[in-house]
Each structure stands twice: as C-alpha cells, then as structure tokens.
Amino acid sequence: MTHYDVVINGGGMAGAVLALGLSQLKHSNGLALRIALIEKSRPEHNLHPGFDARSIAIAGHSQYLLQQLGLWPLFAELATPITDIQVSDRGHFGQVNLQATDYNLPALGYVIELNPIGQVLYQQLLQTPAIDLFCPTHIQSWQQAQDAVTITLSDSSEKQGAAGHRQFTTGLLVGADGNHSAISRQLNLPRRQFDYQQSAIIANVQTAQHHQHRAFERFTAQGPVALLPMSQGRSSLVWCVSNARAEQLMALNEDDFLSELQQAFGYRLGRFIRTGTRHCYPLVLDEVPKPWHHRVVLVGNAAHLLHPIAGQGFNLGLRDVAALIEQTRQTLSFARTNAPAPGSSNKPSLNDSACSEQALANIGGYQMLSRYGQARQGDQANLVGITSALALLFSNNDPLLAAGRNMGLNIMAACGALKHTLAWQAMGKR
Ligand SMILES: Cc1cc2nc3c(=O)[nH]c(=O)nc-3n(C[C@H](O)[C@H](O)[C@H](O)COP(=O)(O)OP(=O)(O)OC[C@H]3O[C@@H](n4cnc5c(N)ncnc54)[C@H](O)[C@@H]3O)c2cc1C
C-alpha cells in the first residue's frame, strides 16, 4: 500500500500552506517528504468554503512566517498593505491611531482576498512534485494503529494530474478541514463551544475617498464595524451584529444598507457609494483545547474557530502550521544527529538511509506531537480568551461598559506603552 509521510485533510488556507511548507523539507538522503492533500472542493468553485468572498488581515508577524516558509512571493502580489489602524468608539471621543512608521515598518499587516489567493495556492500545489493532490474528494474511513493511520478515500476520488489510488497509510494525519472537521468529529476530543448570538456581515465596499491603506475598527452600539483596505481603493467590510439585526441588514436593498452603514461608521472615508454581494457568517467559538491524538493533529479552524473581532483566526492557524513544520524539521534532523557515529559504539551504526527511515517513522509519533502540543497550547488558549473578552466587551451597549471602553481607548492613546501593546497584538507578536 502507498505510504505518505504526512496526509493533510482540507486544502483551505491552513492545509494548503502546510502542504507547501512541508514540501520544502528534506530528509537526510536529500529526498523530499511524500505528502498527500485531500480537498473536497475545487478552487474555481465560487462558493469554496476555504476561499470564498472574504478578505482577511494578516498580521506583520504572519507575513514574516510566510516569508520564512518561502511562500510570501505567492501572496505579495495580492496583498494590500495596512499602514495605519484607527480604533474608535461611536459616540465617544476615545480613539487610538497606530502607524507603521512609528515602528519603522513598511506595514502593520496586509489584507489578502481569499478567492484569488485560493487559485494561486491551488496552482502551486499542482506544480509541487512532493505533493499528491486529491481533489475533489473526501476520506471515506480512517483507522489509527500503533505506527500508522490507514486511510480510504471515497469512491469518487480523483488525483489531480495522475492516476489515483484509494487506500494508503501515513505516519501523520492532519485535520485542516475547518470548523465541522470530519477528522475532529471522529476523534471526539473534548471541545469548548459558545454561541455569541451574533453574525458577521461581509462585503466589499466603495467609498468616496481612497482608504490610503488605513484600516478602521469602530465600536458601535450594534457591534464592531471593521473596514480593511483592498485593491482599487475598495475596502472590505466586516460588521458584527446580533443575529436579528443581521437578518434585517441582509434584507435591505443596497441604498438602505449603505445608509445604515454610513450611520454606524460615519464619514472617515466620505460617502459609501457601492457595495458588492453581502455574505453572512454566524459567530460561534468552537475550540478543541488539546487538538492532537495518536498520530493525528488538528490545525487552523479545525482546532479553533474564533470571533473575527480581532482578525486573528488565520494568524493563529498559521502559527499552528509553522510550529508543525518546525517540529517535523526537528524530527527529521534529530534522528540524524542522534544516530551513533560509525564505529563509535557496539551498536550497528545507522547509515543515511537507515537514519532517514527512522526519522520518517518518528513523524507523527508521540514525542513529536507532545512537543507540538506544548508549543501551541498557551497561544491558542490566550487568543481564545482575548477574542471572547473583546467580543463581549465591544458588542455591549451597557453605558458603564461603553464609558469604560472609551476611557480605555483614551488612556491607550495617551500612554505609549499600552498603545505599543495594542500595536504588537495587531502585528501578531506575542
Ligand atoms: C467574517 C470573517 C472575517 C475574518 N477575518 C479574519 C482576519 O482579518 N484575519 C484572520 O487572520 N482571520 C480572519 N478570519 C478567519 C479566517 O478566515 C480563518 O481562520 C481561515 O480562513 C481558516 O482557514 P482553515 O484552512 O483553517 O479552514 P477553512 O477555511 O475552513 O478550510 C477548510 C478546508 O477543508 C475543506 N474540507 C472541509 N471538510 C472536508 C472534508 N471532509 N474532506 C476534505 N476537505 C474538507 C474545505 O473545503 C476547506 O477548503 C475571518 C473569518 C470570518 C468568518
């Protein structure tokens, strides 16, 4: 039966970046890892669950991680830099402005449109010899054993660019299949869930004034409104409101929707002129606090679905991906450095090929996954706590909380250290 060193289920942002990052690792005999990526939707499908109409802000630190993985050139042409971030509270004076120039940086972060980047990543996956892409298909069944996971694909399986096979084994199965992950469902690990009773409305909007690479987060009585700078002077709107309000806003015609938006956001970018199609996402927290199990690990939204208030979901997922690649790299080099030198002991020495085999067998093993778990647990727990607290604090109309928020923004504006902490968070540095 064919064996892959790593099998990734789900080729959204997390799964695609993981596959491309892992494909650059080499084991001691100089060969690349063998990687399979299984994805249920074709990228050209405009309702692709991983690459839909959303635009997301990636923090400066995420740009650095993508650069380290050699993948930033794929993103760079499609990325709009954010040079300024303005945080304000509607009806109050509190306001904080963050500027990249204060930190001698070209940008605090970048905005990426998911649909076009999905096409670029898909082409790159097809052109990477170390990766076998199975798309569109899904796993029919899988079983964990001591040294491997056995996977059977559904009957309709189709391997892109070559004749496919339906059954294979792997040392590590990665669930990168988003919220409602099939891998997570079968593992049945403990999870924490919370329904915010809110929805996010997203749309691309055209304003009278060019955004000049400024991003805005404005807290309103009805929930936070974020505008992110996009190509052609457009901005990407993320407006979080109660479910009932979202239903009303989605039902409005374009003019009425723009007029409600104008009232909530004000005239920082002049008049709202046009909006593209609106999409609505129900907002829930869904977290697997310990997202790994024998030879299986969950990354990205499969491990944690966050409220988008701080724009951190993919930034966190990318840190999962970078950590998993780093643990794999260490596992590959560990077997080599720990192999007895030829003639140094009574044990038979390992030649390069035996070293390689041992290292490959250790990918997905207990030691690697527990090191990965230790590296990731704190970050995930922190961000889940921060985004939940922000979502509750900033979506609340209580006058006391509003006064506290406003005071907080004023103090932050006046106090350099606190402002820098906010800037550090925005850039994804911890
Ligand atoms: C309104 C909104 C705004 C956001 N803004 C930001 C932001 O500014 N910054 C930020 O960092 N994050 C943001 N996020 C979060 C970010 O979009 C997600 O964290 C990220 O896109 C998740 O990527 P993923 O690959 O982990 O999961 P997904 O995008 O869910 O990808 C999962 C993939 O798995 C595939 N799949 C699912 N089931 C199966 C199966 N059974 N078999 C095979 N394949 C399967 C799907 O087709 C999909 O391609 C936002 C989210 C929302 C909703």
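Read-outs throughout are calculated quantities, based only on the coordinates presented, and are distinct from any laboratory measurement. Values in this document were obtained by computation on a predicted structure and should not be read as measured data. Quick reminder, even Gly has a Cβ in these numbers, built from the backbone with ideal geometry, and neighbours come from all protein chains shown.
Phi angles across segment 294-300 convert, under the Karplus curve 6.51 cos²θ - 1.76 cosθ + 1.60 with θ = phi - 60°, into 3J(HN,Hα) values of 2, 6, 9, 9, 9, 10, x Hz, Gly and Pro given as x. The 3J(HN,Hα) values that the Karplus relation (6.51, -1.76, 1.60; θ = phi - 60°) gives for segment 271-287 are, in residue order, 7, 7, 9, 8, 9, x, 4, 8, 10, 10, 10, x, 10, 9, 9, 9, 10 Hz. Gly and Pro appear as x.
Cα-based values for segment 162-208, radius of gyration first and Dmax second, are 18.9, 56 Å.
How long are the three semi-axes of the equivalent ellipsoid of segment 34-125, in whole Å, if each is the root of 5 times an eigenvalue of the C-alpha gyration tensor, listed from largest down? Spell out each step's value before the answer.
Numbers: eigenvalues 192, 64, 19 Å².
Semi-axes (√(5λ), whole Å): 31, 18, 10.
On a per residue basis, the convex hull of the C-alpha atoms belonging to segment 178-292 measures out at 134 Å³.
Given 37 °C and 0.692 mPa s, compute D for segment 200-242 with the Stokes-Einstein relation, Rh being the Kirkwood radius over Cα pairs; round to the nearest whole µm²/s.
On the way: Rh = 10.6 Å.
Calculated translational D: 311 µm²/s.
Projecting the Cα atoms of 31, 57, 9 onto the dipole axis of segment 9-71, where Lys and Arg carry +1 and Asp and Glu carry -1 at the beta carbon, places 31 farthest toward the positive end.
For segment 257-262, putting each phi into the Karplus relation 6.51 cos²θ - 1.76 cosθ + 1.60 with θ = phi - 60° gives couplings of 5, 5, 6, 5, 5, 4 Hz, in residue order, rounded to whole numbers and with x for Gly and Pro.
In this structure, the amide hydrogen of residue 3, modeled 1.01 Å from its nitrogen in the peptide plane, lies closer than 5 angstrom to those of 169, counting only residues at least 5 positions away or on a different chain.
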